[in-house]
Amino acid sequence: MTANIKANQTGRLQALDAAHHLHPFSEQFGLARDKSRVIVKGEGVWLTDSDGNRILDGMAGLWCVQVGHGRQEIADAVHKQMSELAFYNTFFKTTHPPAAELAEKVTSLAPDNFNKVFFTSGGSDANDTVFRMVRLYWDLMGKPEKKTIISRWNAYHGSTVASASLGGMKAMHGQGDLPLPGVHHIDQPYWFDEADGMDPESFGVARARALGEAIDELGEDKVAAFIAEPVQGAGAVIVPPDSYWRELKKILAERDILFVADEVICGFGRLGHWFGSEHFGLEPDLMPIAKGLSSGYLPIGGVMVSDKVADVLGREGVEFFHGYTYSGHPASCAAALENLRIIEEEKLVERVAGDIGPYFRERWTILGDHPLVGEARAIGLMGALELVPAKPSHRRFEDAGKVGLICREHSFAHGLVMRSVNDTMIVCPPLIISHDEVDDLVARARATLDVTLDELTRAGKMG
Ligand SMILES: *Cc1c(COP(=O)(O)O)cnc(C)c1O
């Protein structure tokens, strides 16, 4: 294509998009003015836009492309399945080979007490399933009063009515009168922003004890479950202090409530284990999954159900009146099976634990020396940078979120996808990223920070 045709194509697509496409989590007005980026190709950790620019995909699509872009094996597996059986449902005593095979595969990868999975189309509807399933569980246990689900402020569990209620994003709650009744939020373990001078150890313990206090306040006989991401992803890659999960485990062991570990981001190798819970030694009763399950090649999610819950749901005469047309979609299951085969064959989980994870952490945290960065943290293959006007203070820029957006624009201009959450920059690259590509990612992030700092200094925003 000549440059001109390319430019015309880009303009045409941007115009169509601006005129007709309502985007998720986007300010429509600004998007129409500034034009969407048109991504046309993916290969490994690289994206190509419609103008031919190569961009390093520091966010693995949207936290999901574990095996990298452009894996022909997955396209072939899906093609084969669709030629055979593109769709059939899993309601009413029917199944098909990919759903049965994937159910076996994914439970074989989970801790021993997980032997059942309920399939969904993604993570939000997995958490809707959780919402209904925990209440049904307690009804069946003869404790119908146990209805309240405790979650954390700034958690992300999805965008549907129930999952957004479980989430703790206040901006989301502000639209549509959420949360639903029966969801209670406690404070999160965000040390950098909320510790107010407390050391990480004591802060972690205090934030964990908030669960025990909430249960006492609400009454243990009223509480159905506690839901949490092992590491909050969308919240800003919030790595809890070591003391946090240690203390929470004690509290959960003493209380008769279900524990739901939302593994939608942390699962499938992100933290160097098949499930993020294993990294912290957690023992959940339910684990919603999605994203890395299929590396995003086709939409699929699920809820991993432990024996404790599955045995009750499996009692004679019990039917869970719940399901999605695409629960266990054959093509999605085929994509997931091939994705898991690749993760195993290429030992990507082990690679994150023992090789690329530690290397990434070493390189990424060096960015903490930058004058704009108040803290650089990493865990597994996720990283965050806290942007501040004056180190070592944790004080934030006025007008929270503006600086993050400026930095995000510079990042794209430097050929790197970094995401901003307020004034925190985050990355979560594909698990196949090479050492050289990690160096490249960090170099682009540093160049991005340099120009952002220049701009802020000129505007008198630093200090
Ligand atoms: C992305 C995400 C979800 C929602 O998944 P969707 O597939 O977007 O519906 C739920 N929980 C967590 C932790 C997530 O990161």
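The values are calculated or read from the model by the stated rules, or taken from the named source; none is laboratory data. Owing to the predicted nature of the structure, the values given are computational and were not obtained by experimental measurement. We place every Cβ from the backbone using ideal geometry, glycine too, and count neighbours over all the protein chains shown.
Hey, can you tell me all the residues within the stretch 424-439 that are buried (at least 24 other Cβ atoms within 10 Å of the Cβ) and over 14 Å from Gly380 (Cα atoms)? Across the stretch 424-439, the qualifying residues are Thr424, Met425. If only residues of the stretch 61-85 that are of a type in the set (A, V, I, L, M, F, W, C) and farther than 23 Å from Pro430 by Cα are counted, the one that is farthest from the ligand (Cβ to nearest atom) is Leu85. With respect to Ser420, is the statement that it is over 18 Å from Gly68 (Cβ atoms) and of a type in the set (S, T, N, Q) true? Answer is yes for this residue.
In the set (1) within 27 Å of the chain's Cα centre (by Cα); (2) in contact (Cβ under 8 Å) with a residue 40 or more places away in the chain; (3) surrounded by 15 or more Cβ atoms within 10 Å (Cβ to Cβ); (4) within 30 Å of Met169 (Cβ to Cβ), the condition left unmet by Thr90 is number (4).
Scanning the stretch 300-326 for residues that are buried (at least 19 other Cβ atoms within 10 Å of the Cβ), of a type outside the set (A, V, I, L, M) and closer than 16 Å to Ser163 by Cβ returns Gly301, Gly302, Tyr324.
The set of residues in the stretch 217-270 being part of a strand (DSSP E or B) and more than 16 Å from the ligand (Cβ to nearest atom) consists of Val223, Ala224, Leu258. Taking the listed residues Gly328, Gly323, the one that is in the same structural domain as Arg246 (by TED's automatic domain parsing), in contact (Cβ under 8 Å) with a residue 60 or more places away in the chain and within 16 Å of the ligand (Cβ to nearest atom) is Gly328, with no other qualifying. Going by what's in this entry, would Gly267 be described as outside the structural domain of Met382 (by TED's automatic domain parsing), under 21 Å from the mean Cα position of the chain (by Cα), crowded, with 24+ Cβ neighbours inside 10 Å and farther than 22 Å from Thr148 by Cα? When the stated conditions are applied, Gly267 passes them. Every test in (1) crowded, with 20+ Cβ neighbours inside 10 Å; (2) over 25 Å from Asp439 (Cα atoms) is passed by Ala32 save one, and that test is (1). Take the conditions (1) modelled with pLDDT of 95 or more; (2) more than 16 Å from the ligand (Cβ to nearest atom); Arg37 misses just one of them, which is (1).
Test Ala447 against the stated conditions and say whether it is outside the structural domain of Phe192 (by TED's automatic domain parsing), surrounded by fewer than 21 Cβ atoms within 10 Å (Cβ to Cβ), assigned to a loop (DSSP other than H, G, I, E, B) and out of contact with any Lys or Arg (no Cβ under 6 Å at 6 or more places or on another chain).
The answer is no for Ala447.
Looking across the stretch 137-186, the residues that are in contact (Cβ under 8 Å) with a residue 60 or more places away in the chain and of a type in the set (Phe, Trp, Tyr) come down to Tyr137, Trp138, Tyr156. Would you check if Leu286 is within 16 Å of the ligand (Cβ to nearest atom), at pLDDT 95 or above and of a type in the set (A, V, I, L, M)? The answer is yes for Leu286.
Is one or more of the residues making up the stretch 260-277 out of contact with any Asp or Glu (no Cβ under 6 Å at 6 or more places or on another chain) and farther than 20 Å from Gly123 by Cβ? The answer is yes, given that some residue of the stretch 260-277 is out of contact with any Asp or Glu (no Cβ under 6 Å at 6 or more places or on another chain) and farther than 20 Å from Gly123 by Cβ.
Looking at Pro181, Pro240, just one residue is closer than 27 Å to Ala400 by Cα and modelled with pLDDT of 95 or more, and that residue is Pro240.
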